[in-house]
Amino acid sequence: MKSVGVFLLMGLLTIWTELPSACGLRQVKAGTCPPGYIRCIQAEPDECTMDSDCKEQKKCCYCHCAMRCVEPAENTPGTCPAITGVCPMLNPPNRCEKDSKCPENKKCCDTGCGKACVWPENV
């Protein structure tokens, strides 16, 4: 009887972890929204509500008085953290090329063991 409870719990956990992808919940694309410097007198209709509404690599960002699908900013705000360790590899691989290829608001930084997407400092 105890094993039935374990299998039931495992099944429920599996379903729960698959729900966000199955329901199409908020998918955040790589890069950050470009800064918006325009003051709006009148709001305009939104083109999107989340990144998944936008084609290709475009992100859903507030731009020109509405939410629109735009190219992500090239550089993520903030600075790369200081390198604190020594890499055991002779020629480590890079796991990113530039900030716009990183998910959420991470930066592509030299970690001392190749480049990787990391959370920036001084944001």
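Bear in mind these aren't lab numbers, they're just calculated from the coordinates by the rules spelled out. Note that this is a predicted model, so its numbers are computed, not measured. Reconstructed Cβ throughout: ideal geometry from the backbone, glycine too, with neighbour counts over all protein chains shown.
Summary table
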item: Estimated inter-spin distance, residue 65 and residue 98, nm [label 7 Å along Cα→Cβ]; result: 3.1 nm
item: Within the stretch 71-105, trypsin sites (Lys or Arg not before Pro) in DSSP loop having at most 15 other beta-carbon neighbours inside 10 Å; result: 95, 98
item: Label point distance in nm, residue 82-residue 46, each placed 7 Å from Cα along Cα→Cβ; result: 4.2 nm
item: Candidates per GluC sites (Glu not before Pro) in the stretch 29-123, loop by DSSP, up to 13 other Cβ within 10 Å; result: 56, 74, 97, 104
